[in-house]
Amino acid sequence: MIQSLNEQKRVFKLADINTDQIDLLHVMQKVEDVTSQKELAERVGFNVGKVNYVIKELLGKGYIKAENFVKSSNKRAYKYVLTGDGLKNKILLTEKYIAIKKLEYEELQENLNLDKRRGIAVNEYVITNIKEALK
């Protein structure tokens, strides 16, 4: 995984996505499955305040709409539903997020291959030195 903040920002820039959009994506992925912001917060790993902030952003952008449960005794319970624009944006953000993860994977794979080559070289060096010492 990319460790440094600068490296993460570079990858986000390449994929044309920012951390706020990643947060929106995480919420949009689960928003239709829950009836409370507390439950949504638990599912996406955010605190309730952050979920509230993100939901307001999504509502403001027209990506989700809130519907009251007519038959519910709790009139504060809402069902959040993705709109057409919300679905389009979710697809776009998901594609960008996948692009980031692919870049991270490729970087990890390169580092792994480099470490393996280094390990082989070190092993050969150690074996050569042991042979020399045994002569």
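The values are calculated or read from the model by the stated rules, or taken from the named source; none is laboratory data. The model shown is predicted, which means the values in this text are computed figures rather than measured ones. All Cβ positions, even for glycine, are placed from backbone atoms using ideal geometry, and neighbour counts span all protein chains on display.
For the range 69-89, indicate whether the set of residues that are outside any helix (DSSP H, G or I), surrounded by 12 or more Cβ atoms within 10 Å (Cβ to Cβ), among the basic types (Lys, Arg) and at pLDDT below 85 is non-empty.
There is at least one residue in the range 69-89 that is outside any helix (DSSP H, G or I), surrounded by 12 or more Cβ atoms within 10 Å (Cβ to Cβ), among the basic types (Lys, Arg) and at pLDDT below 85.
Only residues that are within 18 Å of Lys30 (Cβ to Cβ) and touching a helix residue (DSSP H, G or I) at 6+ places or on another chain (Cβ under 7 Å): list them for the range 97-108, please.
Step one: list which residues in the range 97-108 are within 18 Å of Lys30 (Cβ to Cβ), which gives 97-98.
Answer for the range 97-108, where residues must be within 18 Å of Lys30 (Cβ to Cβ) and touching a helix residue (DSSP H, G or I) at 6+ places or on another chain (Cβ under 7 Å): just Tyr97.
Suppose the filter is touching a residue at least 60 places away in the same chain (Cβ under 8 Å), closer than 18 Å to Asp33 by Cα, part of a helix (DSSP H, G or I) and under 22 Å from the mean Cα position of the chain (by Cα); does Lys56 pass it?
Details: touching a residue at least 60 places away in the same chain (Cβ under 8 Å): no; closer than 18 Å to Asp33 by Cα: yes; part of a helix (DSSP H, G or I): yes; under 22 Å from the mean Cα position of the chain (by Cα): yes.
When the stated conditions are applied, Lys56 does not pass them.
Of all residues in the range 25-56 being closer than 18 Å to Lys101 by Cβ and in contact with a helix residue (DSSP H, G or I) (Cβ under 6 Å, 6 or more places away or on another chain), which is modelled with the highest pLDDT?
Narrowing the range 25-56 to residues closer than 18 Å to Lys101 by Cβ: 25-26, 28-29, 44-45.
Next, from what is left, pick out any that are in contact with a helix residue (DSSP H, G or I) (Cβ under 6 Å, 6 or more places away or on another chain): 25-26, 28, 44.
Values: Leu25: 78, His26: 81, Met28: 81, Val44: 84.
Filtering the range 25-56 for residues that are closer than 18 Å to Lys101 by Cβ and in contact with a helix residue (DSSP H, G or I) (Cβ under 6 Å, 6 or more places away or on another chain), the one modelled with the highest pLDDT comes out as Val44.
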